[in-house]
Amino acid sequence: MELSGVTAILGGEEILHKKISNQMDLIELSQTGIPKDALVNLAKHLSFTIRQIAQLLPVTARTIQRYTGKKQFNRVVSEQILHIAFVAAKGTEVFGEKARFLSWMNHPNKALANKTPLSLLSSRFGVEMVLDELGRMEYGVLS
């Protein structure tokens, strides 16, 4: 998967002030911090409210609302935002369209212990499980 999908989901280079081309770019972005505007773009991509996206992050909705558009989140929050954006980019790529991916995210999945993929995105381990399942789907391996 091209990391350009992550860049686009987060609002592009004009919001991130960086193009995501490789893993090192992800590390640098998490260290400098993801701006609130990028999180807002991610929420819009997922058709979420700020309150819904906050449930997936180690930060409250109230804190997010207090941030200005350019204010950057700390490293921990930024990494989780990047993980979720990576899942969104990968899922859209695997399903070929965002609507089908979002539908899949909201339905219980046997391979994920009958949990919805969305419910697992608040944990790095859950993100890895969702990415693994997307990878299996991409290559036609059914669980």
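The values are calculated or read from the model by the stated rules, or taken from the named source; none is laboratory data. Since this is a predicted model, take the numbers as computed values, not measurements. Neighbour counts are summed over all protein chains in view; Cβ atoms, including those assigned to glycine, are modelled from backbone coordinates with ideal geometry.
Report yes if some residue within region 83-93 is at pLDDT 95 or above, of a type in the set (D, E, K, R) and more than 24 Å from Ile20 (Cα to Cα); otherwise report no. Within region 83-93 (the criterion being at pLDDT 95 or above, of a type in the set (D, E, K, R) and more than 24 Å from Ile20 (Cα to Cα)), the answer is no, since none of the residues qualifies.
For (1) surrounded by 15 or more Cβ atoms within 10 Å (Cβ to Cβ); (2) among the hydrophobic types (A, V, I, L, M, F, W, C), each residue gets a yes or a no:
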{"residue": "Lys98", "(1), (2)": "yes, no"}
{"residue": "Leu121", "(1), (2)": "yes, yes"}
{"residue": "Gly126", "(1), (2)": "yes, no"}
{"residue": "Asp132", "(1), (2)": "no, no"}
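So that you can scan it fast, the table gives a plain yes or no per residue for (1) in contact with a Ser or Thr (Cβ under 7 Å, 6 or more places away or on another chain); (2) of a type outside the set (Lys, Arg):
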| residue | (1), (2) |
| --- | --- |
| Ile27 | no, yes |
| Arg75 | yes, no |
| Arg124 | no, no |
| Asp132 | no, yes |
| Gly140 | no, yes |
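Looking at region 49-102, which of its residues are of a type in the set (S, T, N, Q), in a helix (DSSP H, G or I) and over 14 Å from the mean Cα position of the chain (by Cα)? Can you show your working first?
So in region 49-102, the residues of a type in the set (S, T, N, Q) come out as 49, 52, 55, 60, 63, 65, 68, 72, 74, 78, 80, 92.
Subsequent filtering for residues that are in a helix (DSSP H, G or I) retains 52, 63, 65, 78, 80, 92.
Hits for region 49-102 are Thr63, Gln65.
Scoring Leu46 on the criteria (1) surrounded by fewer than 20 Cβ atoms within 10 Å (Cβ to Cβ); (2) touching a helix residue (DSSP H, G or I) at 6+ places or on another chain (Cβ under 9 Å); (3) at pLDDT 95 or above leaves a single failure, condition (1). Scanning region 17-70 for residues that are of a type in the set (Ser, Thr, Tyr), within 27 Å of Arg100 (Cα to Cα) and in contact (Cβ under 8 Å) with a residue 12 or more places away in the chain turns up Ser21, Ser47.
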